[in-house]
Amino acid sequence: MRLQRDRSLLLMVDFQAGLLPVIDDGVKVIEEAAWLAKVAEALDVPVWLTEQYPEKLGGTTPGLLSELGEHQVWQKHHFSAMEEPEFAQALKAQSVQQVVICGTEAHICVLQSALGLLEAGYNVYWLSEATASRRCDEARLARERACAHGAIAVTSDMVAYEWLQRCDNALFKDVHQRLLKPRSSRAVTFF
């Protein structure tokens with residue numbers, strides 16, 4: 001089952017300023033998420049962010065926000081975004097069936113949101129290199145558990161090229177020129 005951009009949404013879970021400094025390989029995680037968000041924007045794929053208890057954990061890290069184009073932010077207190085009625089209703093109103101999910105912490109809010117999405121009948125794609133926890137073992141186990149229940153582990157390149165579908169049109173050439181060339185570590189401060 002391939003991803004289709006007109007049926008997809010990119011869900012970025014809790015990339016928050018108060019949490020990211022303790023996340024294993026946090027800078028790389030944010031770089032991958034930000035890069036795919038730019039691809040999503042170029043292809044008109046909606047980008048949604050959640051913020052868990054922002055009164056205590058802070059909002060989305062400013063470095064990530066500065067990299068994003070149009071996006072929707074949802075504040076939540078449940079660990080699963082799907083337990084927030086406004087979020088679940090707004091998602092249902094979208095014409096999406098495929099949710100590419102990433103964020104922190106993998107074993108808490110990302111996992112519970114992924115399981116909630118699966119329970120609601122969505123196809124869930126776990127963006128492996130942009131999903132992390134404080135401890136890498138917890139992120140790995142979270143991915144394994146989500147995939148055991150039907151999520152599909154993907155990389156940002158897999159997602160981008162499936163959304164693009166072909167290489168012989170102006171859209172591909174534009175996105176490829178601006179975003180798909182080999183990425184190197186950037187000197188951007190995300191938190």
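The values are calculated or read from the model by the stated rules, or taken from the named source; none is laboratory data. Small disclaimer: the values here were computed from a predicted structure and weren't measured. Using ideal geometry, Cβ is built from the backbone for each residue, glycine included, and neighbour counts are taken over all protein chains shown.
Can you tell me which residue is surrounded by the fewest Cβ atoms within 10 Å (Cβ to Cβ) among those in the stretch 83-97 that are in a loop (DSSP other than H, G, I, E, B) and in contact (Cβ under 8 Å) with a residue 24 or more places away in the chain?
Ranking the candidates gives Ser95 first.
For a quick check of your reading: which helices (runs of 4 or more DSSP H) sit entirely within the stretch 22-65 and have at least 2 residues that are closer than 20 Å to Arg134 by Cα, of a type outside the set (Val, Ile, Thr) and in contact (Cβ under 8 Å) with a residue 40 or more places away in the chain?
In the stretch 22-65, 26-42, 62-65 are the helices (runs of 4 or more DSSP H) which contain 2 or more residues that are closer than 20 Å to Arg134 by Cα, of a type outside the set (Val, Ile, Thr) and in contact (Cβ under 8 Å) with a residue 40 or more places away in the chain.
Filter the stretch 2-21 down to residues that are part of a helix (DSSP H, G or I) and charged (D, E, K, R) and give me whichever is farthest from Leu171 (Cα to Cα).
Looking at the filtered set, the residue picked out is Arg7.
Might you let me know whether the stretch 135-147 holds any residue that is closer than 25 Å to Glu83 by Cβ, in contact (Cβ under 8 Å) with a residue 40 or more places away in the chain, touching a His at 6+ places or on another chain (Cβ under 8 Å) and crowded, with 23+ Cβ neighbours inside 10 Å?
yes
Run down Leu111, Leu20, Leu36 and say which single residue is surrounded by 22 or more Cβ atoms within 10 Å (Cβ to Cβ) and in contact with a Gly (Cβ under 8 Å, 6 or more places away or on another chain).
Leu20
List the number of the failed condition for Arg2; all other conditions in (1) surrounded by fewer than 14 Cβ atoms within 10 Å (Cβ to Cβ); (2) basic (Lys, Arg); (3) more than 17 Å from Glu162 (Cβ to Cβ) hold.
(3)
Within the group Val124, Val175, Val100, which residue is modelled with pLDDT under 95 and either outside any loop (DSSP other than H, G, I, E, B) or in contact with a Phe, Trp or Tyr (Cβ under 6 Å, 6 or more places away or on another chain) (or both)?
Testing whether each residue is modelled with pLDDT under 95 and either outside any loop (DSSP other than H, G, I, E, B) or in contact with a Phe, Trp or Tyr (Cβ under 6 Å, 6 or more places away or on another chain) (or both) leaves just Val175.
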